[in-house]
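The values are calculated or read from the model by the stated rules, or taken from the named source; none is laboratory data. The structure presented is a predicted model; accordingly, all values stated were derived computationally and were not measured. Glycine gets a Cβ as well: all are built from the backbone with ideal geometry, and neighbour counts include every protein chain shown. Note: areas computed on protein heavy atoms with side chains; ligands, DNA, RNA excluded. Shrake-Rupley method; radii C 1.70, N 1.55, O 1.52, S 1.80 Å.
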Amino acid sequence: MDTGFLDRLPSDTPGHDERPDGFHDGCDCGTQAPADDPWRKGFTRRRLFQGSTAMVAALGLQTVSTRYAYAAATDTDTIVVINARGGMDGLNVVVPVTEQRYYALRRNIAVPEGAALPLASGFGLHPAMPKLHKRFQAGQFAPVVAVGTPDRTLSHFEAMDTLERGTAAGNNTSGWMNRVLTARSQTGVFSAVQFGNQLPLSLTGPAPALAMDGIQSFGLAGYDDVRAKAATAFAALYKGVDHPMATQASRTLKAVGTVDTMRATSYTPANGAVYPDGGLGNTLEDLARIIKAKVGLSLATIDIGGWDMHTNEGRVDGGDLRNHLVDLDNALDAFAADLGDGFGDVTVVVLSEFGRTVRENGTVGTDHGHGQVVWVLGGAVNGGRIYGTWPGLTDAAMFTNGSLAATTDYRDVLGDVLAARGGVSSFAKVFPDHTPTPLGIVKPRA
């Protein structure tokens, strides 16, 4: 068993319920959401944009926000990173059905072996994801088990900080996605674009970034004739001016023009794809539309909140986890179907800031853990198999607080995708304190 990345918390680290006040600010620890909590009823367009300005709420509530990064490069995939904010319970997503310890410690919330959709190597998939299971069988979907980050605090915000920086070093102020753009020397109009009004840490840095709330809402304010006159005035105002603001104004107006052209054309998903109603479905439909427009989209990030399931995680027939997975299964399958042959140039990575404890808690949920499962989905994925080294669930093998240990660094997964599909040949600046180990999850671009 490879335990090179198997980390441990210090033996005197306090348990989840013993930590100081304020340690879990924003994560809804130990509280039961109201029965009429509207966030549990699915993603909506309104919640999508609320989520972009309320990341704290996203930890314990179901919100979606999106950031897009664009480039003129045509020799890379569109790489989509979906962040399951709050800590996804990977053990109930990709289920270790041959581990009796899993069933012994999860008497109420474990996925029964007979209910899990068979994968490989002693694992099964949560039954809420039959469409992704078919894509696993078709070789387009590959889970990576026992994945971790260098963060050992089990604090949402410190773990997210590490995840988005791509480095354990706290003095690095840029994000790993921005460093990818910088390494490619991408400076076009759509080099980096986020949906929302606050740039995520992963896209923070010297590479250009553009904020937009969505295809339908992006542009200058006012009626059509006012917008046209405003655009002309802005262009004239900065014409010939040697100043950073002139560059920004020019870039913004070009972006507005590009999106205006897209917005003027009606869009119907291809190949019978039906996106689920709500923010996630709408977001992925917009994303497919932008990819098809061939404006040079190279990176996109989507944040989905609501995975901090201390309560009401539920069983296979109900609960928050099942509801979230149903949304993801339907939305991702529609996205893949809509892209058709173009899905061969798209790679999706789904990950979280950390995993959950193996033992269920007293409120039909789980607490903050370490090792997690990462999904890789795409037309070029070497799917149909499980990646990563499984450490087991014995006391000696588990992380100090009783969660799954990590044997694969998450940057190995990202690095594998970026090297094979993202045009990155050196990781010295992208991940300055880590050299990714190739995993062979995706086929190299021809």
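By a 1.4 Å probe calculation restricted to protein chains, S174 has an accessible surface near 20 Å², given to the nearest 10.
Taking all protein chains together and rolling a 1.4 Å probe, E353 ends up with roughly 0 Å² accessible. Ordering K292, K429 by accessible surface, largest first, gives K429, K292; the 1.4 Å probe counts only protein heavy atoms, with every chain in place. Each of R315, R411 has its accessible area taken with a 1.4 Å probe; listed largest first, they run R315, R411. With distances taken between every two different alpha-carbon atoms, region 313-379 has a Kirkwood hydrodynamic radius of 13.9 Å. Residue pairs exceeding 27 angstrom between C-alpha atoms, taken from K134/K443; K134/K429; K292/K429: K134/K429; K292/K429.
Remark: region 301-428 carries 25 Å² of accessible area per residue (probe radius 1.4 Å; ligands, DNA and RNA excluded).
Taking the accessible area of region 359-413, probe 1.4 Å, and keeping the other protein chains in place, the carbon and sulfur fraction comes to 48%.
The length gained on full extension between R445 and Y103, counted as 0.36 nm times the residue separation minus their Cα-Cα distance, comes to 119.0 nm. Annotation: amide H of A146 within the under-5 Å range of Q372, sequence separation 5 or more or interchain, hydrogens built in the peptide plane.
Counting Lys and Arg as +1 and Asp and Glu as -1 over every other residue whose Cβ lies under 13 Å from the Cβ of D345, the net charge comes to +2.
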